[in-house]
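Reviewing the structure listed below.
The values are calculated or read from the model by the stated rules, or taken from the named source; none is laboratory data. Keep in mind it's a predicted model, so treat the numbers as computed, not measured. No Cβ is skipped: glycine too gets one built from the backbone with ideal geometry, and neighbour counts run over all protein chains shown.
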Amino acid sequence: MEYKFKPLTSQDIFPIAKLISKIGLKNAMKSIDTTSIFSLFENKDNENMVSVLGFPLFMSIADLILSNLDKCEDDIYKILSASTGLTVAELKQISIADFAEMIIGYVKQDGFADFIKVVSKFIK
């Protein structure tokens, strides 16, 4: 399935902020150094998140996201639908590997790291 992300705009702030809140990143970001996380978003060629974050931090973030993923399902589909032009029904039919790649592509697009940096100032 082909898609292209639309550029991020101010309209994307609200659904992303809602998603961050549901995932519970506020509590996690209070106790970690976010510099490593920001470098992940900024380095589009980085293929190994574990080497950037370190294994314990990577596992903590992965556990946090996975434990709250069920609360975020509809929000994730809505965000990706709005960003790609694909319907939620189409997104639900994508293979798990392609869907994971789509999410990774979304967070690595231009402007996302800057948004996370700004939001983190309000969270800390």
request  = Could you please let me know if Gly85 is at positive phi and surrounded by 11 or more Cβ atoms within 10 Å (Cβ to Cβ)?
outcome  = yes
All-but-one check, Glu90 against (1) more than 17 Å from Thr9 (Cα to Cα); (2) surrounded by 13 or more Cβ atoms within 10 Å (Cβ to Cβ); (3) among the charged types (D, E, K, R); (4) modelled with pLDDT under 95, failing number (4)
Within the stretch 43-82, the count of residues that are modelled with pLDDT under 75, exposed (fewer than 15 other Cβ atoms within 10 Å of the Cβ), in a helix (DSSP H, G or I) and not hydrophobic (A, V, I, L, M, F, W, C) comes to 2
Please verify whether Phe14 is aromatic (Phe, Trp, Tyr), modelled with pLDDT of 85 or more and assigned to a helix (DSSP H, G or I), treating the condition exactly as stated. yes
May I ask you to verify whether Glu101 is modelled with pLDDT of 85 or more, surrounded by fewer than 16 Cβ atoms within 10 Å (Cβ to Cβ) and among the acidic types (Asp, Glu)? yes
